[in-house]
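See structure below.
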Amino acid sequence: MNIFIQIWKSLYSPKDISRFRFQGIGKTIGYVFLLTLLSLLPTFYYFSTSLMEDVRTTGALLNNELPPFSIEKGELHSEAATPIHVDQGGFTIIFDSTGTVTEEEVERFPTAVALLKHEAVLVANHQAQRYSYATFPDIKITDQDVRAFVTDLESLLPVLIPLFGLVLYVLACAGKFLSVCVLAFFGLVFAGVLDKKLRYRHTWVMSAYAITLSTVFFTLMESMQTVVPYGVLIHWFVSLAVLFLAVKEVPSSAQRNS
C-alpha cells in the first residue's frame, strides 16, 4: 500500500491500523521518518522566515536607529540620554545605556533583543536569556563589531538554517521513535486485557500508525500558529485511544479458533 494512503487511512480507520501489524519493520521505520518530516515543515518554515527577517531587521536598525556605542569593563556606553525602543512588527529592540530599563521590563515583550547597561537580554516566545557583559571584562565591543557580526550572520544563514533543520529533524525523529516504543508497551497491555495474541513487534508497528492522527492534528495547528493547551496530554490520550481501538480490531484467540 502507498505510504500516503497509509497516512490517510491511519487518520480514521483503527481496523486498517490493526492490519498493518504484519508489515515489515523497515517500511514502518520509513513511515515514522516521513511522518516526522511532514510534521516539522510548518515549524521549520516559520522559524527560518522569522530568523531571516529578524536578522535583516536587526541590521537595518543598527545602521539607522541606534547611536554609536561600546561595551567595555562590563558596561554599555553611549551618548544616548534616554532609552531607545524600536518596534518592528512585534520584534522589539531596546537600547539603554542609562540603566533605566530592567530585565523584568524586557521580559514583557514576546520577542525582543535588549542591550542594557550591564547585560544583553534575548527574549523568544516569552522565554528570556541573559548575557552579562561582566563575563568578558577585558573585551571591548563596539557598534561596528556588532554590525559586522550581523552582516556575517546574514551571509551564513543559507548554511545555518539547513543545519538547524537537520538537527531539529534528528531530535524530532528520536522523540517520535521513543514515543512509539513507549506506546507499544501500552499496546501489549491492551492486548492482554482484550485477549489478543500480539507480540511487541506487532504493537510497535501499530503504534507507529496510531500516532498519525495526533501528529497531523498538531501539524495543522502549528501551520495556523495556534497554541493547543495541554498538547502533550492530548497527544498521548489520542494516540492511546487510537491504539486501543486498533488492538480491539485484532481477532482474539477464540475468534481465530472458531
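The values are calculated or read from the model by the stated rules, or taken from the named source; none is laboratory data. As the structure is a computational prediction, the values presented were derived from the model and not from experiment. Neighbour counts run over all protein chains shown; Cβ positions are idealised from the backbone, glycine included. Accessible surface is based on the protein model in full, side chains and every heavy atom, while ligands, DNA and RNA are left aside. Shrake-Rupley method; radii C 1.70, N 1.55, O 1.52, S 1.80 Å.
Here the helices (runs of 4 or more DSSP H) wholly within the range 1-89 that include at least 3 residues being more than 30 Å from Phe136 (Cα to Cα), open to solvent by less than 30 Å² (accessible area, probe 1.4 Å) and of a type in the set (Ser, Thr, Tyr) are 25-64. Pairs are defined by a Cβ separation below 6 Å, a sequence spacing of at least 6 or placement on different chains, a first member in the range 137-152 that is β-branched (Val, Ile, Thr), and a second member that is not in a loop (DSSP other than H, G, I, E, B); the pairs so defined are Ile141/Ile71; Thr142/Ser70; Val150/Thr58; Val150/Gly59. Can you tell me how many residues in the range 208-232 are aliphatic (A, V, I, L, M) and touching a Pro at 6+ places or on another chain (Cβ under 7 Å)? Matching residues across the range 208-232 total 0. Among the residues that make up the range 122-133, is at least one of them under 19 Å from Glu72 (Cα atoms), open to solvent by less than 80 Å² (accessible area, probe 1.4 Å), free of Cβ contacts under 8 Å to residues at least 60 places away in the same chain and β-branched (Val, Ile, Thr)? The answer is no; no qualifying residue exists.
For Thr98, the conditions (1) over 15 Å from Ile84 (Cα atoms); (2) more than 27 Å from the chain's Cα centre (by Cα); (3) modelled with pLDDT of 85 or more all hold with the exception of (1). Selection over the range 66-100 of residues that are closer than 12 Å to Leu116 by Cα, of a type in the set (Ser, Thr, Tyr) and in contact with a Phe, Trp or Tyr (Cβ under 6 Å, 6 or more places away or on another chain) gives a count of 1.
What residue, of Leu183, Leu166, Leu153, Leu178, is within 26 Å of Ile93 (Cβ to Cβ) and out of contact with any Phe, Trp or Tyr (no Cβ under 6 Å at 6 or more places or on another chain)?
Leu153
Screening Lys27 on (1) without any contact (Cβ under 8 Å) to a residue 40 or more places away in the chain; (2) within 26 Å of Leu157 (Cα to Cα) shows it passes everything except condition (2).
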